[in-house]
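This report refers to the structure that appears directly beneath it.
The values are calculated or read from the model by the stated rules, or taken from the named source; none is laboratory data. From a predicted model like this one, the values you see are computed outputs, not experimental measurements. Here the Cβ positions follow ideal geometry from the backbone for every residue, glycine too, while neighbour counts run over all protein chains shown. Accessible surface areas use protein heavy atoms only, side chains included; no ligands, DNA or RNA. Shrake-Rupley method; radii C 1.70, N 1.55, O 1.52, S 1.80 Å.
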Amino acid sequence: MGRMARVPDDPGPVFRICFVCTGNICRSPMAEAVFRRLIAAGGYESRLEVSSAATGDWHVGEHADARTIAALASRGYDANGHRARQFDPAWFAALDLVVVFDRGQERTLREWAGDEHSGAKVQMLLSFDESGAAAEVPDPYYSDAALFDSVLATIERASVALFRQLEPVLRQGVS
């Protein structure tokens, strides 16, 4: 990743993204950490907010999976402060984009959305990645550290693609 141009002093409105996976301990904390770095590198801290959550409540309050933390740390990311939480459908009103990792999460979030406008905010992460390698980001939870590393690489690639699509809007101000 090359150094990106800094944003002018006028911060403009904030664009809000929430990454949502099943338990908020593997994929979504990875995407949140990756996006936080992209935001900081671009100087968009006042323009872009990122968070993560889960469709399920099994891990609420827990740290990210130790393998998630290790995979992120191996690439210089820090997820030690992460605590899992469950997505609240009331959040749709304040969010601009809800990014999911598989079709099950997509169905669940669109059901929770309650209306077409909110449902349209739900997008698959890999829909932003033009490489077209896969439609879904696999859940590494029941696998080994190698899959966590592979999933992180996939999330990094797709997150950069998403960020590149958002960056022109961020430069001009968000509507």
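Please list log₁₀ I(q)/I(0) at q = 0.17, 0.20, 0.22, 0.29 Å⁻¹ for region 27-76, using the Debye equation with identical point scatterers on the alpha-carbon positions. For the requested q values the scattering log ratios are -0.59, -0.76, -0.87, -1.11.
Using the Cβ-Cβ distance between Y142 and D88 with R0 = 22 Å, the FRET efficiency computed as 1/(1 + (r/R0)^6) comes to roughly 0.25. Mean separation of Cα pairs under 8 Å and 6 or more residues apart, divided by the residue count, gives the chain a relative contact order of 26 percent. For region 69-121, report the % of Cα-Cα distances exceeding 19 Å. Everything past 19 Å amounts to 43 percent. Distance between the pseudo-spin-label points of E45 and R107 (7 Å out from Cα toward the beta carbon): 4.2 nm. Please quote Rg/Rh for region 44-173 to two decimal places, taking the Kirkwood radius as Rh and restricting both calculations to Cα atoms. Reported Rg/Rh (Cα atoms, Kirkwood Rh): 0.95. Each Lys and Arg contributes +1 and each Asp and Glu -1, all at the Cβ; summed about the Cα centre of the chain, the dipole is approximately 400 debye. Protein heavy-atom accessible surface, 1.4 Å probe, per residue over region 76-121: 53 Å². The distance from the alpha carbon centre of region 136-175 to that of region 97-128 is 15 Å, rounded to a whole number.
Counting only C-alpha contacts under 8 Å and six or more residues apart, can you give the relative contact order of region 76-172 as a whole percent? So the answer I get is 22 percent.
Summarising the amide proton neighbourhood of S52: residues at separation of 5 or more, or on other chains, whose placed amide H is nearer than 5 Å comprise F19.
Net charge of the neighbourhood of T154, taken over other residues with C-beta under 11 Å away and scored Lys/Arg +1, Asp/Glu -1, is -2. In plain terms, if you count all Cα to Cα distances in region 17-116 and split them into 5 Å steps from zero, the share in each step is 2, 14, 24, 23, 20, 12, 4, 1, 0 percent. With the convex hull constructed from alpha-carbon coordinates only, region 103-163 shows a mean projected area of 4.7 nm² over all directions.
Sorting W58, W112 on solvent-accessible area from highest to lowest, probe radius 1.4 Å, gives W58, W112.
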